[in-house]
1. Could you pull out the pairs from K50/K151; K151/K390; K101/K138; K22/K216 whose alpha carbons sit more than 25 Å apart here?
2. Take the solvent-accessible surface of the protein heavy atoms, probe 1.4 Å, and return the percent of it on the chain that carbon and sulfur atoms account for.
3. Compute the distance from the alpha-carbon center of the stretch 206-231 to that of the stretch 56-86, in whole Å.
4. Given the C-alpha atoms of the stretch 167-261, compute the convex hull and give its volume per residue in Å³.
5. Quote the Stokes-Einstein diffusion coefficient, in whole µm² s⁻¹, for the chain, based on the Kirkwood radius over alpha carbon pairs, a temperature of 25 °C and a viscosity of 0.890 mPa s.
6. For the stretch 331-400, list log₁₀ I(q)/I(0) at each q in 0.11, 0.19, 0.23, 0.26 Å⁻¹, using the Debye formula over Cα point scatterers of equal strength and ignoring solvent, two decimals each.
7. With no solvent and one equal point scatterer per Cα, compute the Debye intensity ratio I(q)/I(0) for the stretch 102-229 at 0.10, 0.12, 0.21 Å⁻¹ and report its log10, rounded to two decimals.
8. With the calculation restricted to Cα positions, what are the radius of gyration and Dmax of the stretch 1-62 in angstrom?
Amino acid sequence: MSILAKRLSAIKPSPTIAVTTKAAELKAQGLDVIGLGAGEPDFDTPDHIKAAGKAAIDRGETKYTPPNGTPALRKAIVAKFKRENGLDYKPEQVTVGVGGKQVIFNAFLATVQEGDEVIVPAPYWVSYPDIALLFGGKPVFITCGENARFKLSPEALAAAITPKTKWVVLNSPSNPTGAAYTRDELRALADVLLKNPHVWVMTDDIYEHLTYDGFKFATLCEIEPKLMDRTLTLNGVSKAYAMTGWRMGYACGPVELIKAMNMIQSQSASHPTSITQAATVAALDGPMDFLAPRNEAFRQRRDMVVKMLNEAKGITCQTPEGAFYVYPSCAGTIGKTTPKGRKINNDTDFVEALLDEGLVAAVQGAAFGLSPYFRISYATSTQALEKACKRIQEFCAALT
Ligand code: GLU
């Protein structure tokens with residue numbers, strides 16, 4: 001008899017973390033692998049944020065805080081939503097977690113019961129379905145293909161909603177495709193949601209600040225305030241502020257849900273570290289001028305990667321609006337054979353062979369629920385990216 005709980009059989013290790021870990025291992029063994037697997041900015045945490053973390057230590061802010069964060073943090077989060085999104089929340093509507101992932105975990109633990117349906121547009125970030133599955137939920141995937149620019153249509157959403165639907169997860173700009181919803185597209189989705197008052201919405205806005213070519217980000221409740229009483233608006237500092245290792249996610253929503261999530265938090269991690277909380281206040285309240293040059297670098301890298309991938313034999317790649325990912329199709333490589341004699345039957349074979357024979361780490365589309373594609377994170381130096389794209393071109397050219 002295994003010691004392990006049955007519920008674990010429903011989930012698997014995070015594939016994005018697995019690829020990142022594998023690339024790091026291969027590098028440690030001395031292989032010249034270029035990792036494009038990790039969804040993590042290569043930029044450093046800005047100095048004023050680091051300084052706020054250090055100052056918190058020096059001031060002795062190294063003790064327990066409330067599970068929903070210090071009053072200063074809650075105030076900064078409420079102010080952020082007002083200033084940047086025009087949303088009016090009160091401090092008692094704030095919840096925080098050790099990364100956005102823990103906030104999602106707390107939300108689903110608090111609400112998802114056996115058989116509840118959670119609508120997840122595919123391709124999706126790997127952890128949404130698995131966290132729902134852990135609590136007995138049933139992910140309902142809606143395929144949003146390349147022709148739809150990987151975005152959910154109001155018709156498809158309406159068709160997927162049943163009396164058992166508990167949540168719809170929206171993520172814009174998206175991990176893994178970089179696709180972002182315009183105001184009109186959100187309006188159309190909001191109209192469907194208004195007709196289905198039993199459905200709750202989790203809107204994961206963690207890539208909010210990473211948009212290009214003048215794209216204007218909007219979040220659902222900004223477009224339709226009537227959805228405020230059943231939306232969890234989720235965000236975090238990892239991506240825009242390059243704070244992945246600090247682990248800070250936050251969300252605002254209706255008090256009943258938030259109270260339950262904070263209760264769960266009090267019985268698990270207690271709270272994100274006091275030092276991270278102080279640094280987050282500095283991030284949210286502080287200057288944002290560091291962002292424009294970083295975004296310009298991301299845009300240039302995106303354009304280079306899209307161009308070079310489209311030049312690779314058998315690969316096609318769209319230009320997305322935001323985040324730091326592209327989601328190219330490898331359909332033209334399926335059925336081919338590598339110089340070492342490996343047959344490429346699907347995108348998992350493609351990324352495995354690319355890693356072993358081309359020394360580039362990427363994540364297979366199968367992990368995100370749409371094949372045959374793969375995800376590339378361009379949050380790495382331009383030089384490394386260019387080298388990686390050349391390797392992909394050479395790898396593809398050598399397939400027969
Ligand atoms: N969100 C990032 C990614 O997709 C970090 C790893 C993870 O949490 O999945 O690569």
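The values are calculated or read from the model by the stated rules, or taken from the named source; none is laboratory data. Fair warning: this is a prediction, and the values are worked out from it, not measured in the lab. Cβ placement follows ideal geometry from the backbone for every residue including glycine, while neighbour counts extend to all protein chains displayed. Quick note on the areas: whole protein, heavy atoms, side chains included, nothing else; ligands and nucleic acids left out. Shrake-Rupley method; radii C 1.70, N 1.55, O 1.52, S 1.80 Å.
1. Values: K50/K151 36 Å; K151/K390 29 Å; K101/K138 18 Å; K22/K216 36 Å.
Distance filter (> 25 Å) returns K50/K151; K151/K390; K22/K216.
2. Carbon plus sulfur share of accessible area: 56 percent.
3. Each part reduced to its Cα centre gives a spacing of 22 Å.
4. Values: hull volume 9.8 nm³, N = 95.
Spread over its residues, the Cα hull of the stretch 167-261 gives 103 Å³ apiece.
5. Values: Rh = 21.8 Å.
For these conditions, the coefficient is 113 µm²/s.
6. Those come out to -0.24, -0.72, -1.01, -1.22, one per q.
7. Each listed q maps to, in turn, -0.28, -0.41, -1.36.
8. Rg and Dmax of the stretch 1-62, Cα atoms, are 19.0, 53 Å.
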